[in-house]
Structures are given as C-alpha cells and as structure tokens.
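Engineer: The following block contains the structure, expressed as structure tokens.
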Amino acid sequence: LPPRHMDSVVQIVEALESTDHSFTGTVPELARALGGCSTPGCRAVLGEPPDVPPAPPTLSREQWLLFTQLLHHDAAAPERGAVLAPDGSTVALGPLLAGIEVGLKRATGWPVPTAEPPVDALYAVTVAEALGTSFLLARDGDGNRAALGPGGCWDDVDDPQNYTLLGPPSPIPDAIANGAMDGVLLGAHLARAPIPLADLLRGYYGTGNGTEKGRPPSSYRRRDFGVLTGPEKLEKEVAAMLRVLRVLPPTRELLEDVGPEEVAAIARQAARDFTEVYVECPAIVPRCMWGARPYRGTPKLLTLPLGSVYIHHTFIPSTPCRTFAACAHAMRSMQRFHQDTRGWDDIGYSFVVGSDGYLYQGRGWHWVGAHTKGYNSKGYGVSYVGDFSATLPDPDIIALVRDGLLPCAVRTGRLHRNYTLRGHRQMGRTDCPGNSLFREIETWHGFK
C-alpha cells in the first residue's frame, strides 16, 4: 500500500476532488461512510453515515484500500487510523476529517444540530466525546488505567506502514489527540474561509518528510489550539457531550449511576489533564522516532524530583535543525559521536531542542545522562541544536524550554519547584552554551 503518510492522504483527497466521481458527497462524508465518525455522539451530531459507495474510479485500488483501512473505526485500536505528518507528528484521520466536515457545513449555512443539551458540533465530533468517554471509563478502574496517551512509533519514517503504541492504549492516544486538535483548528478555519481540502491539508502539514524550509503550521498545533480553546471551553463541551451520551441508547448504561456532580467533576478533570498534557507541555519526539541505537550497558535511574537544569548548545551540529528529518539526523549523528568517539553508553543529553518546534528525547526523564560532568545525577541536561555563541534560537524555541518544558517538569513532579538553572560553563571549563544563549538564560526563572 502507499505509505501511511499525510502526503498519501493529500494525494487521495486531490484525486477525489479533481473530478466527478461516483460518490456525490464531500471527502469528509466519504470518510464518514467508511467509518471515520461511527461513535454514538458523532452520529448524533452529524447524522447516520451515508452508504459505502463503490471504489471511486479516480483512485487506484491501493489508494482506496489505504483510505478504507485508515477510516475503519476500531475502538480496541484507535491508533490504527493514524498517518505520519511531515513534521514528525502522528495524526488520526477520523477526528481530523470530522472537524473538517463540521467546518465545511458551517461555511454553507448548515442548520446547527439540535442536540439536547446543546453542544458545539466542532468540539463534539473531534475531542469532547472521546475525552469524556475516556475519563468516564478511567474513573471505574484501579487508578492504573491511563485516560490519555500513549505516543507511539512508526516502523520506518520514510515508508511508514505500522504504528506501534509505547504502552497500554487509552481511548485518546497521542495520534487521536493530534487529530482532534487539528480537526478543531482546520474546521474553524474552513467555517470562515472554505478552500479545497487538498490545498488546506498541504498548506497546514507541509509536504514531504521534512524536506521543506521552515516550520509547517501543524508544528504549532498545541499553541494554536490553546489560544482557541481554554480549559473552561473544553470543560463545558465535555460536560455537554456526557449529558448527550446519557440519553443515547448505546451509551446510556455507561452513565446510569453517574450523577450531575460527577459528570461535572469528570469534565473538569478531563479538560484540565488534556490541557496540561497536550497544550501546556511540549511534544517530545521519542527515541524510536528519531532512530536511536540501543543504550549500551545498564542505565542508572535518577531519583526524582531533581533540583537542577543545565542548559547546553550542541556546537556541532552548528546549524539549527528546522525539519523533522534534519533534527532526527542531528540526533543520530550526536548519538554516534557520543557512543563511538566519546565511549559513552548513549547520547549524553536528557533532551535536545530542535528549531522545528519539537523536543527530542535523549536519556529522557528517568535515566542519568552524560551532559555535565560531576552533576549528571543532580539535574537534566537540555541542549539546543546549533552554535549559539553569536546568535540566539528563534523566540518560540527559547519559549519551548523556558515556558514549556521547565514548568511542565515542575507540575509533573520531575523537577523541584525551587530548581536552579545554570549554563554548562558554570559547571566546568567550556564556553557552552555560547555567549548569546548564556546571556539569554541569565534572565530565566531559577537562574543562579
């Protein structure tokens, strides 16, 4: 089959939009016919799906098979409908295309569905039902059942075919969360300014596996979703959706013993947790996505929370990486240098900061690194890709660590509230992290 890459989806959409085909509706309606919006709440808002049409003649057999597979809803494996986007993130097509359908309908003066209580259709079909259901199911568990996540990895980023989750699935793995946020953003955009869907997707995700210069809008999804959707709005929509599910036959039983106060509490928790994990905390690209070699030997566990953070720049590579492909390449070359030339067990840094808007997992949250001699077990080593002796990272990449990673580490119990922040040069004989970046971090919270 074609790769499970957003480029393949754009080509399919372009073919479907290019000419009259046997299906009379829009591409999102075709997606719904194939099962992309088959949950009780989604049906209540958008209506029963159309019948599955014959394969459109504009698609090859392989394209039709891929599109059918990506939109077949499987509650036990919600991540199966996912594709790899050019920025290295993974996106589920179901919530993405459902949000787009609401946007297209609104642009043509669609009468708002009369659900009782009233819901915002854009949130209902993308995030509210999945989020409410996930937290509803998690409340009955033993506390071990996750309500959000996990992330996952592709078998091959150049020809992605299989996506494997990195832990037990919740109803909202990262791919669903990304698809839901993108569905809200693109649906809202289309409601204001409808354009052909292939153009919309190409403009938002970029094209190629990180070959374009500059960041695609999709790499700003957390920021943009947060601007559009505060926790209060999310809480209101989850609560409304749970009240709708209470009267629908397939979900009535789930909510039989759940009183109004508990519905409100579930919605509040769901909105707060989703906002923390997917809006306030930055996305971290796992090791298996950038192609890490295995750790050599046995890693040592850190004792959390830690009290310090040490800021570095890589110096080599000296150029900031601005695409997923370039940043993944930089990670592999640093790991090779650290393991083969320096003789270390692994890449030394805890996290590495790309100028593509993503953090890359080195040793990660839990394992002792090799970044700041004599202090590796006392703090995290966070390194910016590039040489920042005379220039600075982009403002939003500075903010990624200062306003994203560090507050997130405190909130999640990995870093002491009163942590100290230092440049590598304060701990040993080095110019790292470069004069410009060092002067910048002197203004950050926690700098000593």
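The values are calculated or read from the model by the stated rules, or taken from the named source; none is laboratory data. Given the structure is predicted, the values throughout are model-derived calculations rather than measurements. All Cβ positions, glycine included, derive from the backbone under ideal geometry; neighbour counts span all protein chains shown. Side chains included, ligands, DNA and RNA excluded: accessible areas come from the protein's heavy atoms. Shrake-Rupley method; radii C 1.70, N 1.55, O 1.52, S 1.80 Å.
Engineer: Would a scan of region 233-247 turn up a residue that is surrounded by fewer than 21 Cβ atoms within 10 Å (Cβ to Cβ) and within 21 Å of the chain's Cα centre (by Cα)?
Structural biologist: Within region 233-247, one or more residues are surrounded by fewer than 21 Cβ atoms within 10 Å (Cβ to Cβ) and within 21 Å of the chain's Cα centre (by Cα).
This table checks each residue for (1) within 22 Å of residue 254 (Cβ to Cβ); (2) open to solvent by 20 Å² or more (accessible area, probe 1.4 Å); (3) under 23 Å from the mean Cα position of the chain (by Cα); (4) without any contact (Cβ under 8 Å) to a residue 40 or more places away in the chain.
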| position | (1), (2), (3), (4) |
| --- | --- |
| 26 | no, yes, no, no |
| 29 | no, yes, no, no |
| 40 | yes, yes, no, no |
| 45 | yes, no, no, no |
| 52 | no, yes, no, yes |
| 55 | no, yes, no, yes |
| 58 | no, yes, no, no |
| 61 | no, yes, no, yes |
| 69 | no, yes, yes, no |
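Engineer: For region 337-360: of the residues being in a helix (DSSP H, G or I) and without any contact (Cβ under 8 Å) to a residue 24 or more places away in the chain, which is nearest to residue 217 (Cα to Cα)?
Structural biologist: So, considering only residues that are in a helix (DSSP H, G or I) and without any contact (Cβ under 8 Å) to a residue 24 or more places away in the chain, the one nearest to residue 217 (Cα to Cα) is 337.
Engineer: If you take just the helices (runs of 4 or more DSSP H) that sit entirely in region 165-247, which of them hold at least 2 residues that are farther than 26 Å from residue 80 by Cα?
Structural biologist: 174-192, 221-228, 231-247
Engineer: Here's a check for you: in region 136-168, which residue that is surrounded by 22 or more Cβ atoms within 10 Å (Cβ to Cβ) and at pLDDT below 95 is farthest from residue 263 (Cα to Cα)?
Structural biologist: 147
Engineer: Take residue 16 and decide whether it is among the hydrophobic types (A, V, I, L, M, F, W, C), touching a helix residue (DSSP H, G or I) at 6+ places or on another chain (Cβ under 8 Å) and either assigned to a loop (DSSP other than H, G, I, E, B) or more than 23 Å from residue 86 (Cα to Cα) (or both).
Structural biologist: No, not satisfied.
Engineer: Testing residue 104 on (1) of a type in the set (A, V, I, L, M, F, W, C); (2) in contact with a helix residue (DSSP H, G or I) (Cβ under 6 Å, 6 or more places away or on another chain); (3) open to solvent by less than 40 Å² (accessible area, probe 1.4 Å), one condition comes back false. Which one is that?
Structural biologist: Result: residue 104 passes all but (3).
Engineer: Are any residues in region 263-282 surrounded by fewer than 21 Cβ atoms within 10 Å (Cβ to Cβ) and touching a residue at least 60 places away in the same chain (Cβ under 8 Å), and if so, which ones?
Structural biologist: Once the filter is applied, which keeps residues that are surrounded by fewer than 21 Cβ atoms within 10 Å (Cβ to Cβ) and touching a residue at least 60 places away in the same chain (Cβ under 8 Å), region 263-282 yields 269, 273, 276, 277, 280, 281, 282.
Engineer: Next up: Go through region 301-315 and count every residue that is outside any strand (DSSP E or B) and either surrounded by fewer than 13 Cβ atoms within 10 Å (Cβ to Cβ) or free of Cβ contacts under 8 Å to residues at least 12 places away in the same chain (or both).
Structural biologist: Qualifying residue count for the region: 1.
Engineer: Listed residues 275, 298; which is part of a helix (DSSP H, G or I), among the β-branched types (Val, Ile, Thr) and closer than 30 Å to residue 163 by Cα?
Structural biologist: 275
Engineer: Residues of region 370-403 being more than 20 Å from residue 319 (Cα to Cα) and open to solvent by less than 10 Å² (accessible area, probe 1.4 Å), which ones?
Structural biologist: 372, 379, 380
Engineer: In this structure, is residue 391 polar (S, T, N, Q) and either over 25 Å from residue 288 (Cα atoms) or not assigned by the TED database to the domain that holds residue 416 (or both)?
Structural biologist: In short, yes.
Engineer: Further question: Tell me, yes or no, whether region 174-196 has at least one residue that is surrounded by fewer than 24 Cβ atoms within 10 Å (Cβ to Cβ), out of contact with any Asp or Glu (no Cβ under 8 Å at 6 or more places or on another chain) and of a type in the set (Asp, Glu).
Structural biologist: Scanning region 174-196 turns up no residue that is surrounded by fewer than 24 Cβ atoms within 10 Å (Cβ to Cβ), out of contact with any Asp or Glu (no Cβ under 8 Å at 6 or more places or on another chain) and of a type in the set (Asp, Glu).
Engineer: Contact list please: Cβ distance under 6 Å, first residue in region 112-138 and over 14 Å from residue 245 (Cβ atoms), second residue at pLDDT 90 or above and part of a loop (DSSP other than H, G, I, E, B), pairs at least six apart or on different chains.
Structural biologist: 138/147
Engineer: I would also like to ask the following. Being touching a residue at least 60 places away in the same chain (Cβ under 8 Å) and out of contact with any Lys or Arg (no Cβ under 8 Å at 6 or more places or on another chain) is true for just one of 88, 109. Which residue is that?
Structural biologist: None of the other options fit; the residue is 88.
Engineer: Which one is surrounded by the most Cβ atoms within 10 Å (Cβ to Cβ) among residues in region 412-448 that are in contact with a Lys or Arg (Cβ under 8 Å, 6 or more places away or on another chain) and part of a strand (DSSP E or B)?
Structural biologist: Top of the filtered list is 421.
Engineer: Please work out which residue is surrounded by the most Cβ atoms within 10 Å (Cβ to Cβ), limiting yourself to region 250-261 and to residues that are part of a helix (DSSP H, G or I), of a type outside the set (Lys, Arg) and without any contact (Cβ under 8 Å) to a residue 24 or more places away in the chain.
Structural biologist: 260
Engineer: State the number of residues belonging to region 284-295 that are outside any helix (DSSP H, G or I) and open to solvent by 20 Å² or more (accessible area, probe 1.4 Å).
Structural biologist: 7
Engineer: Please identify the pairs in which a residue from region 367-379 that is in the same structural domain as residue 307 (by the TED database) has its Cβ atom under 6 Å from the Cβ atom of a residue that is open to solvent by 20 Å² or more (accessible area, probe 1.4 Å) and charged (D, E, K, R), counting only partners at least 6 apart or on another chain.
Structural biologist: 368/300
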